[in-house]
Amino acid sequence: LAPSSRFADLGGGTGSFSAALGEEAGLSALPTVVEPSPLREQAAARGLPTLAQDAAAFASGGGGGEWDALLLKEVVHHFPLGEFPELCRGFARKLSATGRVVTITRPVKPDYPLFNAAKIVWRMHQPPPEQYASAFGAAGFQVEVQEHSFRFEVPREDWFALIRSRFWSTFSAFSDEQLEVGIGELSERHPEAVLSFDDRLVFLVASRSG
């Protein structure tokens, strides 16, 4: 991002990441948070412009060529895969001639300490990144796929508390009782007090091909 970049974060939630990214990049115009849920009120409280839209409404809405960068950070698994090609075509219309869409997602088989049933649910709802890359390519984008790993350490009991709070949608498929069974499975598998694993993120950088 250049200071003059016009940037929108699709599914930006509370805007905490958008605000930090905008500050780090030294943007002269504040990032816009596109968020259909009430979380956008927290983004607005940070002083960020907001649009009360989901990605489909944003992509199909009026106006074109006004954005230099669009971000889809850890949200694409919520989009119906069959609708993604049309979304990509809409994103292309929204971008400037040199605009880019950066999609951040995760691999089908991550390294997180998940109980077996959660691994199955994860795979069911995490399409391969190549399918998203193919949709961008079909919409006329040039796509570069990068994977970056970040070493992550967390106290075991903190990780279990996150699971109980259903901090990822993966865990919303389970009742409280089922989560406790899963946590019991993890307790046997991981007796160590601190869990250490790689957080692998897949970056799809889709650029306008002209």
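The values are calculated or read from the model by the stated rules, or taken from the named source; none is laboratory data. In this text the structure is predicted, and so the values were computed from the model without any measurement. So basically every Cβ, Gly included, is an ideal-geometry build from the backbone, and we count neighbours across all protein chains shown. Note: areas computed on protein heavy atoms with side chains; ligands, DNA, RNA excluded. Shrake-Rupley method; radii C 1.70, N 1.55, O 1.52, S 1.80 Å.
Annotations
- Considered as a group, the residues in the range 133-143 that are assigned to a helix (DSSP H, G or I) and touching a strand residue (DSSP E or B) at 6+ places or on another chain (Cβ under 6 Å) include one that is most open to solvent (accessible area, probe 1.4 Å), and that residue is G137.
- Considering (1) assigned to a helix (DSSP H, G or I); (2) among the polar types (S, T, N, Q); (3) without any contact (Cβ under 8 Å) to a residue 60 or more places away in the chain, the lone condition that Q126 does not fulfil carries the number (1).
- Residues being closer than 14 Å to Y132 by Cβ, in a helix (DSSP H, G or I), touching a His at 6+ places or on another chain (Cβ under 6 Å) and touching a residue at least 24 places away in the same chain (Cβ under 8 Å) are entirely absent from the range 83-91.
This table checks each residue for (1) at pLDDT 95 or above; (2) over 18 Å from F203 (Cα atoms); (3) open to solvent by 60 Å² or more (accessible area, probe 1.4 Å); (4) among the basic types (K, R).
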{"site": "L1", "(1), (2), (3), (4)": "no, no, yes, no"}
{"site": "V33", "(1), (2), (3), (4)": "yes, yes, no, no"}
{"site": "E41", "(1), (2), (3), (4)": "yes, yes, yes, no"}
{"site": "L48", "(1), (2), (3), (4)": "yes, yes, no, no"}
{"site": "L71", "(1), (2), (3), (4)": "yes, no, no, no"}
{"site": "F79", "(1), (2), (3), (4)": "no, no, no, no"}
{"site": "F84", "(1), (2), (3), (4)": "no, no, no, no"}
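- For Q146, the conditions (1) more than 24 Å from R6 (Cβ to Cβ); (2) loosely packed, with under 13 Cβ neighbours inside 10 Å are fulfilled apart from (1).
- Count of the range 21-53 residues, restricted to those that are under 19 Å from the mean Cα position of the chain (by Cα), within 26 Å of A97 (Cα to Cα), part of a loop (DSSP other than H, G, I, E, B) and small (G, A, S), is 1.
- Unmet requirement for Y112, which otherwise passes all of (1) assigned to a helix (DSSP H, G or I); (2) surrounded by 14 or more Cβ atoms within 10 Å (Cβ to Cβ): (1)
- Pairs with Cβ under 7 Å, 6+ apart, first in the range 39-56 and farther than 29 Å from E86 by Cβ, second assigned to a loop (DSSP other than H, G, I, E, B): Q42/T14; Q42/G15; R46/G15; G47/L30
- Residue under evaluation V154, criteria (1) open to solvent by less than 20 Å² (accessible area, probe 1.4 Å); (2) more than 30 Å from R100 (Cβ to Cβ); (3) assigned to a helix (DSSP H, G or I), criterion not met: (3)
- Some residue of the range 9-22 being under 16 Å from E66 (Cβ atoms) and hydroxyl-bearing (S, T, Y): no
- Single residue of the range 11-20 satisfying the filter (part of a helix (DSSP H, G or I) and either touching a strand residue (DSSP E or B) at 6+ places or on another chain (Cβ under 6 Å) or touching a residue at least 40 places away in the same chain (Cβ under 8 Å) (or both)) that is most open to solvent (accessible area, probe 1.4 Å): F17
- Scan of the range 169-193 for residues that are over 21 Å from M124 (Cα atoms), in contact (Cβ under 8 Å) with a residue 24 or more places away in the chain and either open to solvent by 90 Å² or more (accessible area, probe 1.4 Å) or under 27 Å from the mean Cα position of the chain (by Cα) (or both), ordered by number: R189
- Number of the exception - S207 against (1) touching a Phe, Trp or Tyr at 6+ places or on another chain (Cβ under 8 Å); (2) surrounded by fewer than 17 Cβ atoms within 10 Å (Cβ to Cβ); (3) farther than 20 Å from E74 by Cα: (3)
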